[in-house]
Amino acid sequence: MRRTVFPHKVLPWLLLAPQLAITLIFFYWPAAQAFRQSVLKEDPFGLSSTFVGLANFRKVLSDPNYLNAVQVTVVFSLLVAFSALAIALFLAVQAEKIIRGKGFYRTLMIWPYAVAPAIAGMLWLFMFNPSFGTLAWPLRQLGIDWNPLLDGDDAMALVVAAATWKQISYNFLFFVAGLQAIPKSLLEAAAIDGASRRHAFWTIVFPLLAPTTFFLLVVNTVYALFDTFGIIHAVTGGGPGKSTETLVYKVYNDGFVNLIMGDSAAQSVILMVIVITLTAFQFRFIERRVHYG
Amino acid sequence: MARIQLQDVRKSYAGQQVIHGITTDIADGEFVVIVGPSGCGKSTLLRMVAGLEDITSGTISIGDRVVNGLEPRARDIAMVFQNYALYPHMTVRENMAYGLKIARMSKADIDAAVAKAAAMLELEPYLDRKPRALSGGQRQRVAMGRALVREPAAFLLDEPLSNLDAKLRVQMRLQIRDLHQRTGQTTLYVTHDQVEAMTLADRLIVMEKGVAQQIATPHEVYTTPATEFVAGFIGSPAMNIFDARCEDGAVLLPGGHRVTVADQAVSGDVRLGLRPEDIEIQPEAGNTFPIVLRSVEWLGADAFGYGVIENSDTQVTLRLAGNTHAARGDRLHVALPGDRLHFFSPQDGRRI
């Protein structure tokens, strides 16, 4: 690697300043605020606050609603990350086989990514609304008792579908790039070695895609944990009951709807710890099995 | 082991014909080299035999089976790719065992087959390494090993040495020749390197623009090239080929020189081919023509002179002795070797 040496000390800091400023103002300062808030208890009018130590954390962790949100989040994230990866990989592999109109097909596949989360949520809400949804009616005709407004599992299925649909495009893009990076001659060699297409996929293509898959796993987990707020807010608002209330949604609910700032801040600190741990875990244990070409 | 037969094999891409009807019969255990400049269709032909490209018309059979409609895996062949196509996430051992595992061979048999191939190619110390940790020559040997372990009916190699440096290429060339003599496998080998072609082949297929210009032994290709293209392509430095006219037992050369040739059967306008080493330098004029040297390249054992026929622009390369004193500007008297002249038709380039 080439090292660039600057003649004096100020210039590099100046060049870094914009990025550092953004990181500090939009990431570290709010995070610090969350830490501060999490050990304070605020009066109802927001005029004074008192230091309460870890009381907020104790309260949050013993709250059955919070434990419910943890469970919802685990189910939701696993479903979203897994389906978004699996479907995107399937579509990317199919797109490789197209001979004519490949570019057009890919472009179409990427569009959903440009749709704002709230709009995506509304789209799915309208399609599957039990009373006027275009697609809810055929479901009912098939004998499925479909009602995401009353049934928690139906609601979960709906938000998972909407969240997955939006993320597929992103994953698709990376998988397509990943597939293109695999030399064709490897598959030809496998074909001559006697491998069927399916066998070659699982023994050659899939292992060689591992760096892409791993990267996407990390990104998708974070996406499912945080970026799906808009979809949940638009589709179910965490309901019915609390059956689709994820950790992020509960942070918002307790902080900005119920105005319990201390609880909300404690939750976001816990969430921060969870995400850091999860990502560290992924890098520590899953990445070791990834082969970088 | 098997013979490979090609019967009027053709290939077109979107109406554009790239292989124009190739017919040949490769005997069991024969080493055939397909040689030609880049873009001549030699790799395409090999890939058609492998089953990686479909055949537009004609038939290819391996052993007693017509394989036109068969998948590569059903053709009982092994192939070595130019870029080796090793599976980067597998160790050398796994690379070699991959095909055997698919064939559901027992673990013990796989280990034995891999060990045997590794011993043959001196790969034992590297069996547990990944391809990334190997040098170019070692990777090349792994690719060979992966093909060898399966003991296929035919062995296909697509420019296997072109990614190696010159010294390694010579070593591997000898090793490939040696392997072929030991295994006696029918081999089809594609290269653009005429030295590889000449040294390895039992028989050559010289291709240009999708046409097999000549299918013959290296000796025959060198001594009696079938077309002007083959004459110019095989041999280094290339054969001198220029316009000449034959009449009354003599050859009229560019620059108006006239040299009589005994037993001259050809007459009329021709393209005359003359190998650099066949040119005979005479001490003085007399049934000779003059060449003015423009430069001399001394290579040690011998030297090559580059000059023009006097009073013309026709360039001629000639081989000189290693201890030559010839230098730029010298005028050499050159005789035509009557029995080693090559005449080609100016119309279609065929040998007369």
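A few points about this structure:
- All of B:Glu208, B:Glu228 fail the test of being out of contact with any Leu (no Cβ under 8 Å at 6 or more places or on another chain) and closer than 30 Å to B:Leu168 by Cβ, apart from B:Glu208.
- Identity of the residue in segment B:123-139, under 27 Å from the mean Cα position of the chain (by Cα) and either within 14 Å of another protein chain (Cβ to nearest Cβ) or not in a helix (DSSP H, G or I) (or both), that ends up modelled with the lowest pLDDT: B:Ser135
- Matching option when the condition is within 13 Å of another protein chain (Cβ to nearest Cβ) and part of a loop (DSSP other than H, G, I, E, B), among B:Leu70, B:Leu100: B:Leu70
- Meets criteria (under 30 Å from A:Asp63 (Cβ atoms), within 16 Å of the chain's Cα centre (by Cα), free of Cβ contacts under 8 Å to residues at least 12 places away in the same chain and away from chain B (no Cβ under 14 Å)) for A:Ala157: yes
- There is no residue in segment A:229-244 that is under 30 Å from B:His89 (Cβ atoms) and part of a helix (DSSP H, G or I).
- Scanning segment B:308-328 for residues that are at pLDDT 85 or above and in a loop (DSSP other than H, G, I, E, B) yields B:Glu310, B:Asn311, B:Ser312, B:Asp313, B:Thr314, B:Arg328.
Yes/no matrix, rows are residues, columns are (1) exposed (fewer than 15 other Cβ atoms within 10 Å of the Cβ); (2) modelled with pLDDT under 85; (3) away from every other protein chain (no Cβ under 14 Å); (4) touching a His at 6+ places or on another chain (Cβ under 7 Å):
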{"site": "A:Ala84", "(1), (2), (3), (4)": "no, no, yes, no"}
{"site": "A:Ala92", "(1), (2), (3), (4)": "no, no, yes, no"}
{"site": "A:Met109", "(1), (2), (3), (4)": "no, yes, yes, no"}
{"site": "A:Thr134", "(1), (2), (3), (4)": "yes, yes, yes, no"}
{"site": "A:Phe174", "(1), (2), (3), (4)": "no, no, yes, no"}
{"site": "A:Asp193", "(1), (2), (3), (4)": "no, no, no, no"}
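- Scoring B:Ala108 on the criteria (1) away from every other protein chain (no Cβ under 14 Å); (2) of a type outside the set (S, T, N, Q); (3) buried (at least 19 other Cβ atoms within 10 Å of the Cβ) leaves a single failure, condition (3).
- Taking (1) within 14 Å of chain B (Cβ to nearest Cβ); (2) at pLDDT below 90; (3) surrounded by fewer than 19 Cβ atoms within 10 Å (Cβ to Cβ) in turn, A:Trp202 satisfies each apart from (2).
- Residue match in segment A:32-52 (condition: loosely packed, with under 12 Cβ neighbours inside 10 Å, over 20 Å from the mean Cα position of the chain (by Cα) and under 22 Å from A:Ala161 (Cβ atoms)): no
- Helices (runs of 4 or more DSSP H) contained entirely in segment A:141-207, each with at least 1 residues that are more than 30 Å from B:Leu157 (Cβ to Cβ) and either in contact with an Asp or Glu (Cβ under 7 Å, 6 or more places away or on another chain) or of a type in the set (A, V, I, L, M) (or both): A:152-180
- Condition check for A:Gly178 on (1) more than 23 Å from A:Ile110 (Cβ to Cβ); (2) within 14 Å of another protein chain (Cβ to nearest Cβ); (3) not polar (S, T, N, Q): one failure, at (1).
- Residue in segment A:101-111 that is within 22 Å of A:Gly239 (Cβ to Cβ), within 23 Å of the chain's Cα centre (by Cα) and assigned to a helix (DSSP H, G or I) present: no
- Positions within segment B:43-63 being surrounded by fewer than 18 Cβ atoms within 10 Å (Cβ to Cβ) and either without any contact (Cβ under 8 Å) to a residue 40 or more places away in the chain or within 14 Å of another protein chain (Cβ to nearest Cβ) (or both), in sequence order: B:Glu53, B:Asp54
- Residues of segment B:15-60 that are touching an Asp or Glu at 6+ places or on another chain (Cβ under 9 Å) and more than 28 Å from B:Arg177 (Cα to Cα): B:Gly21, B:Ser57, B:Gly58, B:Thr59.
- Residue pairs meeting the criteria (Cβ under 7 Å; at least 6 apart or on separate chains; first of a type in the set (Gly, Ala, Ser), in segment B:324-352; second loosely packed, with under 14 Cβ neighbours inside 10 Å): B:Ala335/B:Glu280; B:Ala335/B:Gln282; B:Ala335/B:Asn287; B:Gly338/B:Ala262; B:Gly338/B:Asp263
- If you go through segment B:164-199 and keep only what is buried (at least 19 other Cβ atoms within 10 Å of the Cβ) and under 18 Å from B:Ile4 (Cα atoms), you end up with B:His180, B:Gln185, B:Thr186, B:Thr187, B:Leu188, B:Tyr189, B:Val190.
- Across segment A:1-51, the qualifying residues are those that are in a helix (DSSP H, G or I) and among the small types (Gly, Ala, Ser), and the one among them that is farthest from A:Leu259 (Cα to Cα) is A:Ala17.
The values are calculated or read from the model by the stated rules, or taken from the named source; none is laboratory data. Being a predicted model, the structure only gives us computed values, none of them experimental. As a convention, Cβ positions derive from the backbone with ideal geometry for all residues, glycine included, and neighbour counts pool all protein chains shown.
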